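Note sheet for the following structure.
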Amino acid sequence: MRKIRKGDKAKITGPVIVRRKNGTIEVLNGKIVLVTEVGCEKCRCDIGLQSPVLIPISHLSRVA
């Protein structure tokens, strides 16, 4: 598996659930996200919401 770097696009492969500000819950499996920052265990990703979301690296796979 290739390493994920800042600026890459990644596909969410694991279970990720986000609660929006209006109270609705959204499941993000299979969605393409943009990686904005990479840490040791988690990545900060832009998924189209107002604020970035932390997603574990094990739940992401790099997209070409």
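The values are calculated or read from the model by the stated rules, or taken from the named source; none is laboratory data. These figures come from a predicted structure and were not determined experimentally. Cβ atoms come from the backbone with ideal geometry, glycine included; neighbour counts cover every protein chain shown. What goes into the accessible areas is simple: the full protein's heavy atoms, side chains included, and nothing from ligands, DNA or RNA. Shrake-Rupley method; radii C 1.70, N 1.55, O 1.52, S 1.80 Å.
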Practice prompt. Express the accessible area of the chain per residue in Å², computed with a 1.4 Å probe while the remaining protein chains stay in the model.
Written response: 72
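What's the magnitude of the charge dipole for the chain around its Cα centre, counting Lys and Arg as +1 and Asp and Glu as -1 at the beta-carbon? Answer in Debye, nearest 20.
The calculation lands at about 120 debye.
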Worksheet entry | Within the accessible area of the chain (1.4 Å probe), percent carbon and sulfur | 52
Discussion item. How charged is the neighbourhood of Val18? Take every other residue with its Cβ under 14 Å from the Cβ of Val18, and add Lys/Arg as +1 and Asp/Glu as -1.
Written reply: +3
